Structures are given as C-alpha cells and as structure tokens.
Amino acid sequence: MARALANNPDLIIADEPTGRLDSETGRSIMELLRAGVRSESVTILVATTTPA
C-alpha cells in the first residue's frame, strides 16, 4: 500500500489483494484500502472473488 501511494496516484488498481489470505487478514487489508481512500483521496479499484 505504501509503495502504491508513494507517487500520489489518482487511481490504484488492486487485483485480488486478499486472494491467498485468511479471512481475518483479508478483512484487515480491505480496511487498509478503505482507509487509503479516505485519508489519501485516492480511488481504489478492487477486483476480487472474496466476499467483502
């Protein structure tokens, strides 16, 4: 996430960011992505088969 935000992008595309994680860690990653949207004013497009 830090590397993705390093250059102040307008858009981050996350392809299966929780694909190989347990459900608890996956929820933590999704919360981190949501926090990035709020605090950094960035749009994040997430493609996943994992329920949110």
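The values are calculated or read from the model by the stated rules, or taken from the named source; none is laboratory data. Since we're looking at a predicted model, the values are computed, not measured. Neighbour counts are summed over all protein chains in view; Cβ atoms, including those assigned to glycine, are modelled from backbone coordinates with ideal geometry. Surface accessibility is based on the protein's heavy atoms, side chains included, excluding ligands, DNA and RNA. Shrake-Rupley method; radii C 1.70, N 1.55, O 1.52, S 1.80 Å.
Please give, to one decimal in nm, the separation of the simple spin-label points placed at Leu21 and Met1, each 7 Å out from Cα toward the Cβ.
In this crude spin-label approximation the distance works out to 0.8 nm.
Tell me, Kirkwood radius of the chain from alpha-carbon pair distances, in Å? If you can, show how the numbers build up before the last one.
Details: mean 1/r = 0.0884 Å⁻¹.
Result for the chain stands at 11.3 Å.
Could you work out how far apart the two model spin labels at Ala35 and Thr48 are, taking each label as a point 7 Å from the Cα in the direction of the beta carbon, and quote it in nm?
Label-label distance for Ala35 and Thr48, simple model: 1.5 nm.
Could you please state how large a percent of the accessible area of the chain is carbon and sulfur, counting protein chains only and using a 1.4 Å probe?
Roughly 51 percent of what the probe reaches on the chain is carbon or sulfur.
Just to confirm the filter: which GluC sites (Glu not before Pro) across the chain are DSSP coil and have at most 13 other Cβ within 10 angstrom of their Cβ? Spell out each step's value before the answer.
Working: sites: Glu24, Glu31, Glu40; in loops: none.
Answer by residue number: there is no such site.
Which value, in debye to the nearest 20, gives the size of the charge dipole of the chain about its Cα centre, when Lys and Arg are +1 and Asp and Glu are -1 at the Cβ?
80 debye
So, for segment 12-52, what is the accessible surface per residue at a probe of 1.4 Å, expressed in square angstrom?
74 Å²
Against the longest principal axis of the chain, how steep is helix 23-40, in degrees 0 to 90 to the nearest 10, with axes from Cα atoms?
20 degrees
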